[in-house]
Amino acid sequence: MVRTCVAYKCNVKQDEQSKAKGISFFRFPKNKRKRTAWIKAINRVHWYPTEASYVCSTHFKEGWHSDDPYDENFAPTIFSYKSQPQTEGEQLRDERRVRRNLEKEMIEADESRARTEQRHKSFSIESHSGYCATAFGDHNVITSTKEARSYPDIQAEDIIMEDTNIKFQSDKENQTDICEIIQENASLRQKLKQREDDLRKHKWDHRKIKDNDAATKFYTGLPAFALFLWLFK
């Protein structure tokens, strides 16, 4: 029985042509979690795989599936009916949309910062408006400017207002800038992606022995890579 790929609009079948291109065919896995992921990726209505159901290697980014649930090759991801390349106009529209969203976020952050600073100023002025002044000479303490009017013998130049130490809180000093958070988040995401790429480079997979019979024998004990593929299809 000729093996054919069950993916939608995939016409690949096991023949001399596919063999020459190095295309492999994989049965649906027995592992429940992995099998469910494959069925979901194939996305065919009211369809379930049988023992004769295969997925070809063209639907995996590395041409081989992984048992790691966090690996991009845990399930098939490449499908011809989904991979529609963006036109130049679509790319420009996406870039403009990203710029608009970023500008909008920055404007909203500035407005929020201004509102918060204004609230802090209003609160500080209201809290300190009733602070007292000190009269020198007879050492009378005047608790407000209104009370000062009841002392006609005290001249204005004899009254020294106490330092109220009013300090306006500013988002620049007390609140983390939203733009800085966005930049830090992007930087952390980039570092995480780099770590994932480094981990993937050091993780063993079939590419270390692909088309190399000596490496195949060293790592697996099998005499040839072709035998390795045949056993693990």
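List of remarks:
- Within the stretch 4-51, considering residues that are on the phi > 0 side of the Ramachandran plot and over 33 Å from the mean Cα position of the chain (by Cα), the one modelled with the highest pLDDT: Gly22
- Residue, surrounded by the most Cβ atoms within 10 Å (Cβ to Cβ), within the stretch 45-59, restricted to residues that are touching a Cys at 6+ places or on another chain (Cβ under 8 Å) and of a type outside the set (A, V, I, L, M, F, W, C): His59
- Failed condition for Asp15, given (1) in contact (Cβ under 8 Å) with a residue 24 or more places away in the chain; (2) surrounded by 12 or more Cβ atoms within 10 Å (Cβ to Cβ); (3) within 24 Å of Trp230 (Cβ to Cβ): (1)
- Within the stretch 102-120, residues that are under 19 Å from Gln183 (Cα atoms) reach no partner that is outside any helix (DSSP H, G or I) with beta carbons closer than 6 Å at six or more positions or on different chains.
- Candidates Tyr70, Tyr48 - the one that is among the aromatic types (Phe, Trp, Tyr) and within 30 Å of Ile181 (Cβ to Cβ): Tyr70
- Conditions (1) within 30 Å of Glu111 (Cβ to Cβ); (2) at pLDDT 80 or above; (3) over 20 Å from the mean Cα position of the chain (by Cα); number of the one not met by Gln169: (2)
- Across the stretch 94-117, not a single residue is classified as under 20 Å from Cys5 (Cα atoms), modelled with pLDDT of 85 or more and among the polar types (S, T, N, Q).
- Residues in the stretch 77-87 include at least one that is under 30 Å from Arg200 (Cα atoms) and among the aliphatic types (A, V, I, L, M).
- Of the residues making up the stretch 205-233, those that are among the charged types (D, E, K, R) and either in contact with a Pro (Cβ under 8 Å, 6 or more places away or on another chain) or farther than 19 Å from Ser66 by Cβ (or both) are Asp211, Asp213, Lys217.
The values are calculated or read from the model by the stated rules, or taken from the named source; none is laboratory data. The structure displayed is predicted, hence computed values, not measured ones. Using ideal geometry, Cβ is built from the backbone for each residue, glycine included, and neighbour counts are taken over all protein chains shown.
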